[in-house]
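Colleague: Okay, here's the structure, questions in a sec.
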Amino acid sequence: IPKDGPSAGVAMYAALASLFLDRPVRSDVAMTGEISLRGLVLPVGGIKEKVLAALAAGIRCVMLPARNLKDLDEVPEEARQQLEFVLLHDVAQAMEVALRPAGGP
């Protein structure tokens with residue numbers, strides 16, 4: 001069954017964690033990934049399009065599910081060289097990167 005929305009799981013989790021922890025989400029990071037009930041970051045589709053859109057928006061750090069590593073082969077080398085990729089296994093790892101430190105700017 002086609003579905004839209006699950007790939008926003010990591011971003012939605014980051015937004016809620018930001019609210020509950022009173023720590024802002026970094027504005028220079030893009031993120032995608034579905035989340036399992038156990039907190040694992042699951043692979044999603046459209047990686048090439050999402051990465052190129054992030055680059056076009058001025059983003060320089062992209063967080064992706066680790067299981068989507070093979071999909072980065074579809075992204076042009078020139079684009080890959082301009083970006084930092086963080087490969088996610090679980091949401092705890094995502095929050096370490098996405099959230100600014102407590103009490104920080």
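The values are calculated or read from the model by the stated rules, or taken from the named source; none is laboratory data. No experiment lies behind these values; they were computed from the predicted model shown. Cβ coordinates were reconstructed from backbone atoms using ideal geometry, including for glycine residues, and neighbour counts include every protein chain displayed. Accessible surface is based on the protein model in full, side chains and every heavy atom, while ligands, DNA and RNA are left aside. Shrake-Rupley method; radii C 1.70, N 1.55, O 1.52, S 1.80 Å.
Colleague: Can you tell me which residue within region 53-81, out of those that are among the aliphatic types (A, V, I, L, M), assigned to a helix (DSSP H, G or I) and out of contact with any helix residue (DSSP H, G or I) (no Cβ under 6 Å at 6 or more places or on another chain), is nearest to Ala11 (Cα to Cα)?
Modeller: In this case the residue turns out to be Ala54.
Colleague: Taking Gln93 as the residue in question, decide whether it is modelled with pLDDT of 95 or more and either surrounded by fewer than 16 Cβ atoms within 10 Å (Cβ to Cβ) or over 12 Å from the mean Cα position of the chain (by Cα) (or both).
Modeller: Values: modelled with pLDDT of 95 or more: yes; either surrounded by fewer than 16 Cβ atoms within 10 Å (Cβ to Cβ) or over 12 Å from the mean Cα position of the chain (by Cα) (or both): no.
Here the answer is no, as Gln93 does not meet what is asked.
Colleague: How many residues does region 2-36 hold that are at positive phi and open to solvent by 60 Å² or more (accessible area, probe 1.4 Å)? Before the answer, list the steps.
Modeller: First, pick out the residues of region 2-36 that are at positive phi: 5, 22, 33.
Next, from what is left, pick out any that are open to solvent by 60 Å² or more (accessible area, probe 1.4 Å): 22.
Matching residues across region 2-36 total 1.
Colleague: Pick from Pro24, Pro65: which is touching a Pro at 6+ places or on another chain (Cβ under 6 Å) and not hydrophobic (A, V, I, L, M, F, W, C)?
Modeller: Within the list Pro24, Pro65, the selection yields Pro65.
Colleague: Just checking, does region 37-56 include any residue being out of contact with any strand residue (DSSP E or B) (no Cβ under 9 Å at 6 or more places or on another chain) and open to solvent by less than 60 Å² (accessible area, probe 1.4 Å)?
Modeller: Checked region 37-56: at least one residue is out of contact with any strand residue (DSSP E or B) (no Cβ under 9 Å at 6 or more places or on another chain) and open to solvent by less than 60 Å² (accessible area, probe 1.4 Å).
Colleague: Moving on. For a quick check of your reading of the model, give me the residue pairs whose first member lies in region 89-101 and is closer than 13 Å to Leu21 by Cα and of a type outside the set (S, T, N, Q), whose second is assigned to a strand (DSSP E or B) and open to solvent by less than 20 Å² (accessible area, probe 1.4 Å), with beta-carbon atoms closer than 6 Å and at least 6 apart or on different chains.
Modeller: Ala98/Val29
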